[in-house]
Amino acid sequence: MDAPGRFRFLLSVVFAQLVFASLALLVLTAVDGCDTVTVGGRVAVKGSEPATWVALVETGNEEPEHPARTEYALVGPVADEIRSLHQGRHLVVRGRIVSEARGPGFPAELEVTEILSVGDEPAGR
């Protein structure tokens, strides 16, 4: 293969790799955007020492015979802030589901990226 032919071949290989990398980046960006959620609920600390965790308890239906409750275990740096400042309050947060629920006692984990609103004062204050 002569020098100009080799150059064209290498150029086509580099171009193909750039196209592949661009498509992979596009797919990963689309997938990452799909698991961002906005959730509202009351903050509670669950579990017993030393294995406690911060939960956001979302109540979808207030009727006693149909209590549609979803819990999220809050993780990440913003979860530490929520634990120390917002126990018992109603919050609306935005975040990313990092793991799905695995059954009772093992809720989905939500990495909170932003607190959108803080509701009422905790009960008993």
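Throughout, read-outs are computed from the coordinates displayed, never taken from laboratory work. Note that the structure is predicted; figures quoted are calculated from it, not measured. Note: ideal-geometry Cβ built from the backbone for every residue, glycine included; neighbour counts use all protein chains shown.
Return Asp2, Asp80, Asp120 ranked ascending by Cβ neighbour count within 10 Å, so the fewest neighbours appear first.
Numbers: Asp2 6, Asp80 13, Asp120 10.
With the sparsest Cβ surroundings first, the list reads Asp2, Asp120, Asp80.
Give, as a single signed number, the net charge of other residues whose beta carbon lies under 13 Å from the beta carbon of Val54, with Lys and Arg counted +1 and Asp and Glu -1.
Result for the local shell: -1.
Which order, highest average first, do 43-53, 92-102 follow once you tally other Cβ atoms within 10 Å for each residue and take the mean per peptide? Intermediate results must be reported in sequence, preceding the final value.
Numbers: 43-53: 11.2, 92-102: 15.7.
Highest to lowest by the protection proxy: 92-102, 43-53.
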Exercise. Along the range 36-50, what does the Karplus equation 6.51 cos²θ - 1.76 cosθ + 1.60 (θ = phi - 60°) give for ³J(HN,Hα), rounded to whole Hz, x for Gly and Pro?
Worked result: 7, 10, 10, 9, x, x, 9, 7, 9, 9, 10, x, 10, 4, x
Seminar exercise, completed: Length gained, Phe106-Val37, 0.36 nm per residue minus C-alpha separation, equals 23.0 nm
Seminar exercise, completed: Non-local residues with an amide H under 5 Å from the amide H of Thr113, with H modelled 1.01 Å from N and Pro and chain starts lacking one, are Arg94, Gly95, Arg96
